[in-house]
Amino acid sequence: MRHSPGDVDLGLFATDPEPAPARTTLSEKAFHRMILSERRRTERSHKPFLVMLLDKGDETPAGNQQNGLGKIVDVLSLSTRETDAVGWYKNNLVVGVMFTEIDAEDRKQILNTVLARVTTALQGSLSYEQFKQIAFSFYWFPDDWRELAKRRPNPSALYPDLRTRDQARRVSSALKRAIDVCGSLLALILASPIFLLVALAVKLTSKGPVLFKQERIGQCGVPFRILKFRSMYAGNNCSSHKEYMLQLIAGVAERKHCDGNGRGIYKLTSDARVTPIGKFLRRASLDELPQFINVLKGEMSLVGPRPPIAYEVDRYDLWHRRRVMEAKPGITGLWQVNGRNQLAFNEMVRLDLKYARSWSPWLDLKILWRTPRAVVAGAR
């Protein structure tokens, strides 16, 4: 049975004649830590939480009642539940409220209820001019990853800790981009004869285009088209790869025997879709060369997690999603030089997350230095 917004009793606002004493308003740093803590908790419990942001759009000090921010904080602190948190999402600019322990399944109903009650509470304390200047935005966690890239105006609102980290790494990030641009340009120039030879070999040995284009998921869920030299017959069915990857993500995939590797690898080794020349290109990683164009365009980096396919991300556990959020996808990465396809999926993700947390230009250079040896070892 469906309920109207007013029928959904979430206890989001106190209804006692005498409201509880106002709680301490969290600082920007503390509120961001709270969001991070709730993300981690939700990864374990799968209980969602909701963050509401109220943006006044000016820089008047928080204690100044004229701009309404002080009143907003007072009203929300007095009215919200003890399990919720009120704080500064952005000092003196954006107020945030985190609603936790929400068990209702109808998110649209919850949003309607929250907005109605917040509006009623604020309209009782603010002037009409003050209220109409407030911009409301709502963010669920977990949310459908496909909605990440569509979020407006803030696609990474629930990851303020990552933005803070990126700001602290501003100089290093600029250096990383410089390495990406210079490295990809140099690779495209020096490898141009190889490009021509590979393109000719692909064209002469099977029908179809030279380049293979496929939609992949980039940072913050933003899709892009990855480029590779085609290593498969045109018009093939991807069902076998999809089935194996979903088993790999679920942790039930079997290692495949591979010549020269007694342990076996987590990869399809006898794929009828792959052309004879494609097998060589894959073993030597030559099919990846066009991705330097993706790097030059800024869609990828030289070093980072491998960009997944949409159906892979659909099966990710919540903590797996961090590899999509925390770093730009790359051609090579930490797990590629530490076991390559011998690692189970969870081990790959942990190494990707380790890279995202400890990244530095020096680490990138070390991974790039070790990549050719890993490729040669994997091609044996």
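The values are calculated or read from the model by the stated rules, or taken from the named source; none is laboratory data. Please read all numbers here as calculations on a predicted model, not as lab measurements. Please note: Cβ atoms are built from the backbone with ideal geometry, for glycine as well, and neighbour counts cover all protein chains shown.
Some points to look at:
- Residue ID - surrounded by the most Cβ atoms within 10 Å (Cβ to Cβ), chosen from residues in segment 289-309 that are assigned to a helix (DSSP H, G or I) and either in contact with a helix residue (DSSP H, G or I) (Cβ under 8 Å, 6 or more places away or on another chain) or at pLDDT below 95 (or both): Val295
- Residues (in a loop (DSSP other than H, G, I, E, B), buried (at least 16 other Cβ atoms within 10 Å of the Cβ), in contact (Cβ under 8 Å) with a residue 60 or more places away in the chain and not polar (S, T, N, Q)) located in segment 88-134: Ile102, Ile134
- Taking (1) touching a strand residue (DSSP E or B) at 6+ places or on another chain (Cβ under 9 Å); (2) in contact (Cβ under 8 Å) with a residue 40 or more places away in the chain; (3) surrounded by fewer than 18 Cβ atoms within 10 Å (Cβ to Cβ); (4) not β-branched (Val, Ile, Thr) in turn, Glu254 satisfies each apart from (2).
- Among the candidates Phe138, Phe195, residue that is in contact (Cβ under 8 Å) with a residue 40 or more places away in the chain and closer than 26 Å to Lys71 by Cα: Phe138
- Subset tally (residues that are in contact with a Gly (Cβ under 7 Å, 6 or more places away or on another chain) and buried (at least 20 other Cβ atoms within 10 Å of the Cβ)) for segment 226-241: 3
- Being in contact with a helix residue (DSSP H, G or I) (Cβ under 7 Å, 6 or more places away or on another chain) and either assigned to a loop (DSSP other than H, G, I, E, B) or modelled with pLDDT under 85 (or both) is a property that holds for His3.
- Pro19, sole failed condition from (1) outside any loop (DSSP other than H, G, I, E, B); (2) out of contact with any Gly (no Cβ under 9 Å at 6 or more places or on another chain); (3) modelled with pLDDT under 80: (1)
- Counting only helices (runs of 4 or more DSSP H) wholly contained in segment 135-241, the ones carrying 2 or more residues that are among the acidic types (Asp, Glu) and at pLDDT below 95 occupy 160-168.
- Selection status of Lys328, closer than 23 Å to Ala168 by Cα and assigned to a loop (DSSP other than H, G, I, E, B): yes
- One residue stands out in segment 190-218 among those that are touching a Ser or Thr at 6+ places or on another chain (Cβ under 9 Å) and buried (at least 18 other Cβ atoms within 10 Å of the Cβ): the one that is nearest to Lys328 (Cα to Cα), namely Phe212.
- Taking the conditions (1) modelled with pLDDT of 90 or more; (2) of a type outside the set (A, V, I, L, M, F, W, C); (3) touching a Cys at 6+ places or on another chain (Cβ under 8 Å) in turn, Glu312 satisfies each one other than (3).
- Residue that is farthest from the chain's Cα centre (by Cα), among those in segment 297-313 that are over 16 Å from Gly333 (Cβ atoms) and of a type outside the set (A, V, I, L, M): Lys297
- Single residue of Ala191, Ala178, Ala201, Ala157 found to be more than 25 Å from Trp362 (Cα to Cα), in the same structural domain as Arg323 (by TED's automatic domain parsing) and not β-branched (Val, Ile, Thr): Ala201
- Selected residue (criterion: nearest to Arg40 (Cα to Cα)) from residues of segment 76-87 that are without any contact (Cβ under 8 Å) to a residue 60 or more places away in the chain and not β-branched (Val, Ile, Thr): Ala85
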